[in-house]
Amino acid sequence: MNDSTRHCPHLNTVLEDSDLSQEVLQKYKAVVGWSVNRYETARNTAKRRKISSPTCGTCHVSRHLEEEEHTHCLDAKTGSVFCNQCNDFIYDSRLDEAYMATLVLTQEKQTKFQVAKKPRETFKPWVPSEKDTVALEGAVAIPCQGKRGLLNLGQTCFLNVVLQCFAHNPLLRNYFLGDKHNWRRCKNENCTCCEMDKLFSEIYTEDTTPYGPISFLATTWRASAELSGYAQQDAHEFFISALNQIHTTSRGSTNVHCNCIIHCTFAGQLQSDVKCERCGNVTSTVDPMLDISLELRGKGGETNSGENTLAACLRRFTQPEKLGPKEYSCGKCGKASHEASKRLSIKKLPPVLSFQFKRFEHKTTDKNWARKIDAPIRFPASINMAPYTTLAMKDSEKQSYGLYRGPEGMYEYDLFAVINHEGKLNNGHYTNFARCQDEWCRFDDDKVTPSNLGACLNSAAYMCFYVKRHLDYKPHMTPSYVLARENEAVREKEMEKEKEAARMKEVEDALLATV
């Protein structure tokens with residue numbers, strides 16, 4: 001889209017007329033809603049046949065617009081508008097807002113099956129309250145792109161790449177930049193959440209000189225003895241350790257139904273179904289997950305570059321596997337089954353999906369033996385996770401059309417960060433790519449260079465991070481830890497008043513005694 005056609009004067013003429021604008025927006029919403037309803041059931045893209053669009057070398061749309069003297073046309077699926085006079089697709093914030101509102105409203109009506117067949121909570125845009133308005137008046141705007149490098153403090157590239165992926169995670173960014181955890185007010189010692197707050201304050205600043213996360217490294221050493229020292233560490237191990245430390249020091253952290261920022265961002269559920277082939281009994285267990293580790297090797301133990309795609313790894317991850325005779329005992333038969341299969345599926349998709357490719361092999365018999373799998377892995381800029389969910393697998397057993405319940409927006413994820421490992425196992429180096437709004441950058445410790453999506457997709461990925469295109473939302477509720485904090489503040493004020501009253505009484509008694 002050209003900058004010159006970003007603001008179409010022909011569309012502005014239509015939208016500036018109040019009566020005509022209302023009619024056009026109603027038709028726009030009706031067409032978009034029809035398109036979303038048409039694709040109500042998410043489709044398995046892997047099973048969709050590739051059919052080229054029928055064309056005769058001429059654009060029928062342009063000819064139709066000229067013959068009927070129409071000025072604009074609409075792509076119902078994407079909401080894009082084409083102006084015949086500008087001869088280009090155009091952008092207008094009013095149409096974009098109408099498209100998103102219609103898309104969300106239609107999807108809300110289609111996902112009743114998620115919560116006891118009840119409609120989803122209606123989306124309400126954020127409107128600043130009086131308190132928010134006062135706070136915003138005194139606020140200082142900060143850069144919205146965190147393009148600041150991190151100093152290598154002695155083989156700490158594993159730490160830098162994970163911190164950069166944290167910094168460009170939209171949910172973590174909004175949480176810490178939204179002052180949900182203020183390190184100046186926190187009373188906890190060795191608090192990783194405080195270090196995250198400091199990190200975001202340093203990265204999202206106008207200062208472009210590299211920043212050294214010294215206090216974050218020291219806090220990590222104190223919290224995790226296995227990561228202390230200047231030896232080279234695994235980025236995935238640090239990632240899991242950092243998630244646990246942030247969870248532990250976060251407000252709202254509990255062992256059951258935790259609503260801390262880590263679980264609200266990364267937590268999903270894996271379902272394991274074990275089927276007895278003798279009697280057909282299925283035993284299901286559900287376990288929490290923060291990330292998914294994927295094998296690069298097939299059943300034969302060999303790497304096949306044609307099969308090393310993210311989709312192929314996920315298919316291997318969710319395909320049934322035979323269990324040994326001593327690995328499963330059927331609760332219905334009452335005997336150890338020699339014919340049993342186990343299948344994993346994703347019961348609950350998290351807002352942010354983290355994938356790790358198992359590039360490092362270790363032998364259980366020989367602790368000193370290890371090697372790296374350098375096979376390339378192909379991964380997409382966006383992925384539909386519908387085929388790998390428990391709901392989809394149950395539906396696929398009933399019908400063979402590759403269709404799954406719910407709109408595609410429930411399953412669509414977009415890539416926002418990638419961690420790469422270059423070199424050998426013992427002397428390698430970590431770098432990463434991250435998306436800064438619509439731009440891509442490559443981070444190599446203190447060096448930040450502009451890049452593009454193509455370079456990112458062609459890199460040797462070790463970890464990939466995807467964010468859900470349309471986030472789920474719940475009714476607005478004040479978190480319990482916020483209520484507890486407010487109650488604690490009230491009690492502290494009451495105690496201060498009682499102390500002040502007691503002090504004044506002592507002063508009065510002393511004055512009376514002198515009289």
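Numbers below:
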read-out: Percent carbon-and-sulfur accessible area, the stretch 167-221, ignoring ligands, DNA and RNA, probe 1.4 Å; value: 44
read-out: Label-point separation in nm, D234 to N190, each point 7 Å along Cα→Cβ; value: 2.3
read-out: Table column - 3J(HN,Hα) (Hz), the stretch 246-254, Karplus curve with 6.51, -1.76, 1.60, x for Gly and Pro; value: 5, 4, 5, 9, 8, 5, x, 6, 9
read-out: Karplus (6.51, -1.76, 1.60) ³J(HN,Hα), θ = phi - 60°, over the stretch 494-508, in Hz, Gly and Pro reported as x; value: 5, 5, 5, 5, 5, 5, 5, 5, 5, 5, 5, 5, 5, 5, 5
read-out: Note, ³J(HN,Hα) from phi for the stretch 93-105, Karplus 6.51, -1.76, 1.60, rounded to Hz, x at Gly and Pro; value: 4, 5, 6, 5, 5, 5, 5, 5, 5, 5, 4, 5, 4
read-out: Sorted peptide list for 287-296, 456-465, 132-141, criterion being average Cβ within 10 angstrom, highest first; value: 456-465, 287-296, 132-141
read-out: Accessible area of the stretch 149-206 divided out per residue, in Å², using a probe of 1.4 angstrom; value: 41
read-out: Under 5 Å, built H, 5+ apart or other chain: amide partners of R469; value: E412, Y413, D414
read-out: Dipole magnitude of the stretch 195-312 about its Cα centre (Cβ charges: Lys, Arg +1; Asp, Glu -1), debye to nearest 20; value: 400
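The values are calculated or read from the model by the stated rules, or taken from the named source; none is laboratory data. Just so we're clear, the structure is a prediction, and the values are computed from it rather than from any experiment. FYI the Cβ positions are ideal-geometry reconstructions off the backbone, even for glycines, and counts take in every protein chain you see. These accessible areas exclude ligands, DNA and RNA; they are computed on the full protein's heavy atoms, side chains included. Shrake-Rupley method; radii C 1.70, N 1.55, O 1.52, S 1.80 Å.
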